[in-house]
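The values are calculated or read from the model by the stated rules, or taken from the named source; none is laboratory data. Only a predicted model underlies this, so the values are computations on that prediction, with no experimental measurement involved. For neighbour counting, all protein chains shown are included, and Cβ atoms are generated from backbone atoms with ideal geometry for every residue, glycine included. Surface areas here come from the heavy atoms of the whole protein model, side chains and all, with no ligands, DNA or RNA. Shrake-Rupley method; radii C 1.70, N 1.55, O 1.52, S 1.80 Å.
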Amino acid sequence: MIRALIPLCLLCVSPLWAQDVIVVTGDRSGERPNETVSPITLIDRTEILNTGAQHPAELINRAPGAFLHRGNGAEHLTAIRSPVLTGGAGAGAFLYLEDGIPLRAAGFSNVNGLFEALSGLSGNVEVFRGPGPAHYGSNALHGLIHFRTPEPGSTPQSIEIEAGSFGRVRGQAIWTGTHERTSWLTGLAGQHEEGWRAESGLDRLEALVRADGTAPHFDWRFTLSGISLNQETAGFIRGSDAYRDRTLARSNPDPEGFRDAYAIRTALRLDGHWQDLWNWSLTPYARSNAMDFRMHFLPSEALEESGHDSLGLQAALVRETDDSRLTIGADLERTWGYLTETQERPTIFSFVQGDHYDYTVTADVAALYAQGRWALTPSLTAQLGARWEVTRYVYDNHLPDNTVGRFLRLPDRSDDFSVLTPHAGLIWQVSDASAVFARLARGSRTPQTAELYRLQPGQDITGIEPEVLDSAELGLRHAFARGGRVELVAYAMRKTNVFFRDADGFNVTDGATRHHGVEFDLAWPLSGHWEFEIAGSWADHRYDFDRVVGNATETIRDGNRVDTAPEWLWNTRLSWRPTDRFQSGLEWVHVGEYFTDAANQNRYDGHDLLNLRARFAATDRITLFGTIRNLTDERYAERADFAFGSERYFPGEARAFSLGVRFAR
């Protein structure tokens, strides 16, 4: 019955955009969503509050073409116009930002990068699909996710607390104020859960301070944000359809696993005018990240300790006229990073007791970019942009230069990479209600430091180059007279210089994949009290090269589908608002079937989930809300994989309830 609705859904395709809404991801100066050359999904503060997300996946998966595999606790794997990318392939394939600044340095990405984001305290979230614009550099390959802090002057003070199944408690508080030319905001959010699975608890804190002000010759914005994470980690369960066995699903084969981390970021943005012709901005910033991680998935159960500290500067000049806008900018950043890996357990197989790695890397990144937008005619606008980025790594090994067991320690060295990423687009305003847009773009991903310097015997980094993705897309937007709006986008992409480690443990530096698909996004008022929304995609992701390995299930053939890449994804919501004080919504999440191995010999059938949310404004200041997740108590897998000769899964949670209250001024 549910899947029978697919043809109906494809007839109604649209995002919510409004004339008074501004997005900044496509252009740091800001532009309206219906005027962008690229598809950007905006999730505003109201939607963030109404969703009450316990994990960023509940928000991001509302964007067409986006699919976050929810892991244990705060963990996740990301897909945006891509397969779900794991390990090194997932680290650096997507750019995560806060107020225009990457959460991590480009060469030090984490595949679970969103655990460092202010997902609860954000003012809004923008999901940019496809290679990023010239303002953003390495890692904006398949797309980027931009968390914007809330504005002090327009964000109400509030306190919120929620409790639910599996020992979950979530709360947040926001305080705001003004003094003469300064407005400020302070936010604190916390999350605790015992865990649905055994020994899989989570404690996570978010904190934010933001102040906006004006001086005689410029405006300024200061932000200080941070997160703290303490998490017990549950591993894969194994066996055919093991996720269907509730006892097995709630077990934890790796109770020793944990992840403890913190991240602190600060920035000061200055904006002013120069000679009445140009607007200028300068943003110095700093970040510090650190994580201790028990590698529970390896026989060594080694402890990894890693982190990095960065200082950076973003500078830009913007000239805007009635029919054009030109941005010229430069980005500079220096990062000091480290990684150690130590095994306390006795030697087992080639996993040797003692120190495996201990190295530091100093990374310098410099970039110049330009992006322009010109009205060619009253109805046709062009956008051109390009970015030249240079990266240099200086690696210093603190252990003997040798091979110990399965660990190869390179001697000290330096590596340099440079890449040019251009893009061009057109938007044709067919009428006041309709627009057609097209874009050609290139994205890049500089090799990660762990890929270069955390090696095993037989692995060679000779010839490694930045991954490059070339993209073409064509889209249509339309606003209907009765309030419905539609966006439909088709894309084709090819990625080269794909770097990964194959099933035999060797580095591959010349892999290639191709991707094409259609995305659709909708909001449609059915009546005065009902609204229908859908965001989804159809996609085809395939290997574009051959790689034969000893394990037949991991042999790659040109034309095989990339594993963990569902063809169909959608998120459908039906909202009912009979009064101004009450609103409820039924959400249907569909994940199509996908192969779980590179040889396309094993597959997961996909799943459908229903979530029910409701909120009631008891007074002008007090709102009660509740959620039932997995309403029909489906047995499903958040992630399915085939490895080491068997099926393995991260099981999805059983039906869960939560209730909360929000006090606002």
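Some observations on this one:
- Pairwise label distance in nanometres, R494 with F663, each label 7 Å out on the Cα-Cβ vector: 6.1 nm
- Taking amide H as placed 1.01 Å from N in the peptide plane, the amide H of E98 sits under 5 Å from that of L103, F147, each at least 5 places away or on another chain.
- Per-peptide packing, taken as the mean over residues of other Cβ atoms within 10 Å, places 129-135, 619-625 in the sequence 129-135, 619-625 from highest down.
- Taking P(r) over Cα pairs in 10 Å bins from 0, in percent as calculated from this structure, the corresponding entry among [x] 3, 12, 18, 20, 19, 15, 9, 4, 1, 0, 0; [y] 3, 14, 23, 25, 20, 10, 3, 1, 0, 0; [z] 3, 15, 27, 29, 19, 7, 1, 0 is [z].
- Computed over the chain, relative contact order equals 12 percent, with contacts defined as Cα pairs under 8 Å that lie 6+ residues apart.
- Cut-off 10 Å between beta-carbons: net charge of the residues surrounding W538, Lys and Arg +1, Asp and Glu -1: -3
- The phi-based Karplus calculation (6.51 cos²θ - 1.76 cosθ + 1.60; θ = phi - 60°) puts the 3J(HN,Hα) values of region 535-549 at 10, x, 7, 10, 8, 10, 10, 9, 6, 10, 6, 10, 8, 8, 10 Hz, whole numbers, x for Gly and Pro.
- Net charge contributed by nearby residues that have their C-beta within less than 11 Å of R148 (K/R +1, D/E -1): -3
- Distant-in-sequence amide H partners of E467 (H built 1.01 Å from N, under 5 Å): R445
- Euclidean distance of C-alpha centroids, region 48-63 and region 85-156, integer Å: 15 Å
- Rel. contact order, % - alpha carbon contacts under 8 angstrom, at least six apart, region 312-358: 28 percent
- Anisotropy class of region 300-435 from Cα gyration tensor, a/c 1.5 cut: prolate
- ³J(HN,Hα), Karplus 6.51/-1.76/1.60, whole Hz, each residue of region 597-612, x for Gly, Pro: 9, 5, 7, 6, 9, 9, 8, 10, 6, x, 7, 10, 10, 10, 10, 10
- Computed from the Cβ-Cβ distance with R0 of 41 Å, the FRET efficiency linking S646 to D396 stands at 0.50.
- Each other residue within a Cβ distance under 10 Å of A290 adds +1 if Lys or Arg and -1 if Asp or Glu, for a net charge of -4.
- Relative protection proxy for 407-416, 346-355, 62-71, from highest mean packing down: 62-71, 407-416, 346-355 (other beta-carbon atoms within 10 angstrom).
- Mean Cβ neighbour count within 10 Å, used as a protection proxy, ranking 454-466, 232-244 highest first: 232-244, 454-466
- Area accessible to solvent at W588, 1.4 Å probe radius, in Å²: 20 Å²
- Carbon + sulfur, % of accessible area of the chain - ligands and nucleic acids excluded, 1.4 Å: 57 percent
- Derived scalar couplings between HN and Hα for region 284-289 equal x, 8, 8, 8, 9, 10 Hz in order, rounded to whole Hz, by the Karplus curve 6.51 cos²θ - 1.76 cosθ + 1.60 (θ = phi - 60°), x for Gly and Pro.
- Whole-number accessible area per residue in Å² for the chain, which is evaluated in the context of all protein chains at 1.4 Å: 40 Å²
- 222 nm mean residue ellipticity, helices alone, for the chain (DSSP H n ≥ 4; -39,500 (n - 2.57); rounded to 500): -1000 deg cm²/dmol
- Look at where the Cα atoms of region 278-318 and of region 526-568 average out, and the two centres are 30 Å apart.
- Taking amide H positions as modeled 1.01 Å from N, with prolines and chain starts lacking one, the residues under 5 Å from R485 and 5 or more places away or on another chain are F480, A523.
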